[in-house]
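Below is one structure, written out as structure tokens, with a few remarks after it.
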Amino acid sequence: MTSLKNKLNTLFDEGIKQEEDAACKQELKDKRKAVLDAMEKRVKNLSWWREVTDNTLFGNNPFAPGAAKPKKKEAASPTEIPFAPEEELKGPTLFPVSKPKVYHFHPLAFVRQMRRMYGNLCRINRKYFYDQYAIEFGGVSDELKNDIEIILEGIEKYKTVKGAAFNKKQIAYILATIKHETGNFKPVIESYWVSEKNRKKYYEEMYDPILGKSEKRRKMALANENEIEGDGARYAGKGYVQLTWKRNYRKATEKFGVDFIGNPDLALVPKHSIDIALYGFDSGIFTGKCIFDYIDNTKCDYFNARRVINGTDAAELIKNYALKIEKCLKVSY
């Protein structure tokens, strides 16, 4: 236990040392304590084989598996356990002791529990994914793997409003959307392909409450909490699926405890960007529609699932991406 705690502390120390953002440093510090406390609690609740065989698990319980029961009330040898009346047996009883049977963890249940201990709700087979992705879309560079890895890790750890991980088809659609929105699985700013000058003008016309191109756009900006001149550019789309409007930056701030309102560019940090994207698919903050409206264990509408992000813009293209990516996925829960 001590060795494991030391290793975890070393890993967290290294991460805290490398992290430049103060808020992220504090987040890592808080997470370290939570992880160590949870690990220690769970380890204390486990019963190990050695404790069963040497009787230390059961204390002074003569009915424990393998326990020696002296015939007389006298000092026992080192290999015996002194007899005590049944009413005095107050040691832990994590296993039934009335019959000499040993109960084991089911291996699959044990693996699932260990995943939960370390925050994963599902596991995506990496080798299979990258091998198949190369077949469906062409070669996979180390840089692309690194970028996709951050996204896959975020998906594996995210707990939906249903209390579980996203299912395979939902994961396929989320990855298809990110592929379309970014082109290379890196967080981007909206309209990243045009010049900065033209991009700023577009943000002002579409999202600014003062500089909006029409009364309709200005009213829309105000309804989405863009209140002052400059908010249009400040809270324009950023991330894997382009978080837009101050209202949504506020919701992301409240959800994750990161100050996206004070520093909107934090939405471009990959680990934050994937959390925001998954939150949008899960909760419906982008358009009022969530992924469960179109894809769950009973239905799969890859075309209309685009409404979670942006009407039916590029819906057919993203649908075809999702069908290909679905072939790349092996997901265990």
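In the range 307-333, of all residues being touching a His at 6+ places or on another chain (Cβ under 9 Å) and over 18 Å from residue 151 (Cβ atoms), the one that is surrounded by the most Cβ atoms within 10 Å (Cβ to Cβ) corresponds to 314.
Which members of the range 211-226 meet the condition of being out of contact with any Asp or Glu (no Cβ under 9 Å at 6 or more places or on another chain) and part of a helix (DSSP H, G or I)?
Pass one, the range 211-226, residues out of contact with any Asp or Glu (no Cβ under 9 Å at 6 or more places or on another chain): 215-216, 219-220, 222-224.
Once the filter is applied, which keeps residues that are out of contact with any Asp or Glu (no Cβ under 9 Å at 6 or more places or on another chain) and part of a helix (DSSP H, G or I), the range 211-226 yields 215, 216, 219, 220, 222, 223.
For the range 293-306, state whether one or more residues are β-branched (Val, Ile, Thr) and either assigned to a helix (DSSP H, G or I) or in contact with a Pro (Cβ under 7 Å, 6 or more places away or on another chain) (or both). Within the range 293-306 (the criterion being β-branched (Val, Ile, Thr) and either assigned to a helix (DSSP H, G or I) or in contact with a Pro (Cβ under 7 Å, 6 or more places away or on another chain) (or both)), the answer is no, since none of the residues qualifies.
Does the range 251-278 hold any residues that are assigned to a helix (DSSP H, G or I), in contact with a helix residue (DSSP H, G or I) (Cβ under 7 Å, 6 or more places away or on another chain) and in contact (Cβ under 8 Å) with a residue 40 or more places away in the chain, and which are they? First the steps, then the outcome.
Filtering the range 251-278 for residues assigned to a helix (DSSP H, G or I) gives 251-256, 264-268, 270-278.
Adding the requirement that they be in contact with a helix residue (DSSP H, G or I) (Cβ under 7 Å, 6 or more places away or on another chain) leaves 252, 255-256, 264, 266-267, 270-278.
Residues satisfying the conditions are 266, 267, 270, 271, 273, 274, 275, 277, 278.
Here is a list: 200, 157. Which entry is surrounded by fewer than 18 Cβ atoms within 10 Å (Cβ to Cβ), over 27 Å from the mean Cα position of the chain (by Cα) and touching a residue at least 24 places away in the same chain (Cβ under 8 Å)? First the steps, then the outcome.
Values: 157 fails: over 27 Å from the mean Cα position of the chain (by Cα).
Just a single option satisfies the conditions, and that option is 200.
Taking the stated definitions as given, is residue 164 of a type in the set (Gly, Ala, Ser) and not in a loop (DSSP other than H, G, I, E, B)? No, not satisfied. The residue list 174, 178, 150 contains one member that is over 14 Å from residue 242 (Cα atoms) and in a helix (DSSP H, G or I), which is 150. If I ask for residues that are free of Cβ contacts under 8 Å to residues at least 60 places away in the same chain and more than 24 Å from residue 34 (Cβ to Cβ), which ones from the range 118-129 would you list? 126, 127, listed by residue number.
For residue 143, the conditions (1) surrounded by 14 or more Cβ atoms within 10 Å (Cβ to Cβ); (2) assigned to a helix (DSSP H, G or I) are fulfilled apart from (1).
Criterion applied to 185, 166 was being buried (at least 19 other Cβ atoms within 10 Å of the Cβ) and at positive phi, and the one residue passing it is 185. Between 172, 164, the distinction of being small (Gly, Ala, Ser) and modelled with pLDDT of 95 or more belongs to 172 only. Filtering the range 227-250 to residues that are in a loop (DSSP other than H, G, I, E, B) and either surrounded by fewer than 24 Cβ atoms within 10 Å (Cβ to Cβ) or within 24 Å of the chain's Cα centre (by Cα) (or both) leaves 227, 228, 229, 230, 237, 240, 241, 242, 244, 245.
The values are calculated or read from the model by the stated rules, or taken from the named source; none is laboratory data. Keep in mind the model is a prediction, meaning the values are calculated, not measured. With ideal geometry, Cβ positions are generated from the backbone for all residues, glycine too; neighbour counts draw on all protein chains shown.
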